[in-house]
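Written below as structure tokens is the structure these notes are about.
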Amino acid sequence: MESSENQSANLSLFAGTDLEPESETAERKQSWNEDCLKVLAAFANTRGGTLWIGVHDDGHTVGWSGDGRAQEAISCQISDTLQCLPIGMTLQTRDSLPVLVIRMARAASPVAIRGRYYRRLGNSTREIPDGELPRFLLERTGQNWDELPSDFGLDAVAEKTVADFRILARERLPDLSPSDTTALVLDKLQLTLSDTRLNRAGLLLFGQNPQRLVRSAYVQIGRFGDETTILDEKPATGNLFVQLEQTMQAIRGYVFVRYDIPKTAAGRSSLEDLQRHEVWEFPYDAVREAVLNALVHRDYTSVGRVQIRVYNDRLVISNPGSLPESLTISDLFKEHNSFPRNPAIAQTIYYTQLIEKWGTGTIRMRNACRAEGAADPEFEARPNEFVVTLRKSRILQKPSAPILTSEDRQILVWASSQASFTVSECLEALHLTRRRARYLIQRLVQKGLLTPQGENRQRRYHS
């Protein structure tokens, strides 16, 4: 139990005795009741605060009728229920009526009331939802989720990811030696425990299948026709490096890209030709930065997953976990302090140079958008979610060549090797669903890149 002596350092926060407007640190109650305990618990879990008993919500005094024994009973009830003591409890006179003033400091550890946790949000007391409770308890006890141990050892590591990491990190981690074993590399990164088990960051970064620990640790990417029409969707799984690669490939397949499409002497395009002069319709660097931000800073205690929605006019990336309380949306457009939710993950990704400098990722998103004539990224901090919306680049507003997705190119390259083909032949060769194959083929017909022959089931196509 915390004593008032242990909390005396916080007394200066509550030096004033004047009645304050209701806020995160101030509350008024007409009489003592169960709700008062919830308010005090919320103060202890947030930034501390002052509770006035005998004052109406509108500020007029109704008075407190208790005597010294009633005051002592309240003190005992607070102590027994919350397992902590207020830093002050005084009887004051306001408008010629007695008012009981109780001051509570922020507690060093989480405070519960009958197994439930509360915190202040503005001038209200809110119970912490089950989905947010693990993160709250970790933060209040000074622990980081990604540094906690997992039940997986070195046999769960993807050796290829470690090998790739060595190459990416050699500039910022010059003490990594080619002769270092995987165990030594992970030890230098502080991603293993003394018994060689991986911590959670180690498993997410280098594991073969980290979804065994966190089922929601993956990315869902979808192509939408409108808010409710899903044209196609793909998951990106594996460790975070693999998820980054798979996610960017999936997005690449859903966005329009400008290509020069030269013809060979035979009148057909080669795969090498189709991969030249690639320009994304959304600023590539901003997209990659937003995806990295979602993977590194998401709340892994949440059952939610990173979601990426590709629409005709925008690309929306959302991840579980809102902004730290010390940051505002306006802070994101200027250099700001970094408060990584997962510091071990963030530090390891930094070594790879995928992150240039902590606290500048959102600025790089903005600069990448402006460099390609796109609108600034839009950031939205919801209670349990952070959302980035990217708009199209103006570079592709007046394309001088056909705009193709990677799936379009895949079909065109395959079609160039066929005299003609049906939808069934295409879907079987390229492993597409019938709905997706029909959609893509029809789109290429509309672009004038495929020509249909025949009617209905007899219809064939050629390039």
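Looking at segment 381-395, I want the residues that are closer than 13 Å to His297 by Cβ and in contact (Cβ under 8 Å) with a residue 24 or more places away in the chain and have a partner that is assigned to a loop (DSSP other than H, G, I, E, B) and not polar (S, T, N, Q) with Cβ atoms under 6 Å, at least 6 apart or on another chain. Which pairs are those? Close Cβ pairs satisfying both conditions: Ala381/Leu323; Val388/Pro377. Against the list (1) within 29 Å of Glu139 (Cα to Cα); (2) part of a helix (DSSP H, G or I); (3) of a type in the set (A, V, I, L, M, F, W, C), the condition Leu51 fails is (2).
Here Ala236 meets each of (1) in contact with a Gly (Cβ under 9 Å, 6 or more places away or on another chain); (2) modelled with pLDDT of 95 or more; (3) on the phi < 0 side of the Ramachandran plot with one exception, condition (1).
For segment 297-345, a residue qualifies if it is farther than 29 Å from Leu191 by Cβ and part of a loop (DSSP other than H, G, I, E, B), and the qualifying residues are Tyr311, Asn312, Asp313, Thr328, Lys334. Just the residues that are within 28 Å of Lys234 (Cα to Cα) and part of a loop (DSSP other than H, G, I, E, B), please, taken from segment 419-447. Those that are within 28 Å of Lys234 (Cα to Cα) and part of a loop (DSSP other than H, G, I, E, B): Thr422, His431, Leu432, Thr433, Lys447.
Restricting Leu154, Leu137, Leu121 to those that are in contact (Cβ under 8 Å) with a residue 24 or more places away in the chain, more than 17 Å from Thr348 (Cα to Cα), surrounded by fewer than 16 Cβ atoms within 10 Å (Cβ to Cβ) and among the aliphatic types (A, V, I, L, M) reduces the list to Leu121.
Listed by position, the helices (runs of 4 or more DSSP H) inside segment 171-257 whose residues that are among the basic types (Lys, Arg) and closer than 25 Å to Ile441 by Cα number at least 1 are 240-254. With respect to the conditions (1) part of a loop (DSSP other than H, G, I, E, B); (2) more than 17 Å from the chain's Cα centre (by Cα); (3) at pLDDT below 85, Gln353 falls short on a single one, namely (3).
Glu385 falls short on exactly one of the conditions (1) surrounded by fewer than 18 Cβ atoms within 10 Å (Cβ to Cβ); (2) assigned by TED's automatic domain parsing to the domain that holds Gly321; (3) touching a helix residue (DSSP H, G or I) at 6+ places or on another chain (Cβ under 7 Å), and that condition is (3). Residue selection: Val101 satisfies the criterion of being in contact with a Ser or Thr (Cβ under 6 Å, 6 or more places away or on another chain), part of a strand (DSSP E or B), touching a residue at least 60 places away in the same chain (Cβ under 8 Å) and β-branched (Val, Ile, Thr).
Checking each residue in segment 235-247 for being surrounded by fewer than 18 Cβ atoms within 10 Å (Cβ to Cβ) and not acidic (Asp, Glu) picks out Pro235, Thr237. Search segment 59-80 for residues being part of a helix (DSSP H, G or I) and buried (at least 17 other Cβ atoms within 10 Å of the Cβ), and hand back the single one that is farthest from the chain's Cα centre (by Cα). Of everything passing the filter in segment 59-80, Gln71 is farthest from the chain's Cα centre (by Cα). Residue count for segment 84-107, restricted to those that are surrounded by 16 or more Cβ atoms within 10 Å (Cβ to Cβ) and either of a type outside the set (A, V, I, L, M) or touching a Cys at 6+ places or on another chain (Cβ under 6 Å) (or both): 8. In segment 37-49, the residues that are farther than 14 Å from Ile113 by Cβ reach residues that are outside any helix (DSSP H, G or I) and of a type in the set (A, V, I, L, M, F, W, C) with C-beta atoms within less than 7 angstrom, at least six apart or across chains, in these pairs: Gly48/Met104; Gly48/Ala105; Gly49/Ala26; Gly49/Met104. Picking from residues in segment 144-170 that are of a type in the set (D, E, K, R) and assigned to a loop (DSSP other than H, G, I, E, B), the one that is nearest to the chain's Cα centre (by Cα) is Asp151.
Looking across segment 329-340 at every residue that is within 23 Å of Ile308 (Cα to Cα) and at pLDDT below 90, the one that is farthest from the chain's Cα centre (by Cα) is identified as Phe333. Considering only segment 189-207, how many residues are surrounded by 16 or more Cβ atoms within 10 Å (Cβ to Cβ) and either within 22 Å of the chain's Cα centre (by Cα) or free of Cβ contacts under 8 Å to residues at least 12 places away in the same chain (or both)? Counting residues in segment 189-207 that are surrounded by 16 or more Cβ atoms within 10 Å (Cβ to Cβ) and either within 22 Å of the chain's Cα centre (by Cα) or free of Cβ contacts under 8 Å to residues at least 12 places away in the same chain (or both) gives 10.
Tyr300 - would you say it is in contact (Cβ under 8 Å) with a residue 12 or more places away in the chain, among the hydroxyl-bearing types (Ser, Thr, Tyr) and over 17 Å from Ile355 (Cβ atoms)? For Tyr300, the condition - in contact (Cβ under 8 Å) with a residue 12 or more places away in the chain, among the hydroxyl-bearing types (Ser, Thr, Tyr) and over 17 Å from Ile355 (Cβ atoms) - is met.
The values are calculated or read from the model by the stated rules, or taken from the named source; none is laboratory data. All values reported here derive from a predicted model rather than from experimental measurement. Every residue, glycine among them, receives a Cβ derived from its backbone with ideal geometry; neighbour counts consider all protein chains shown.
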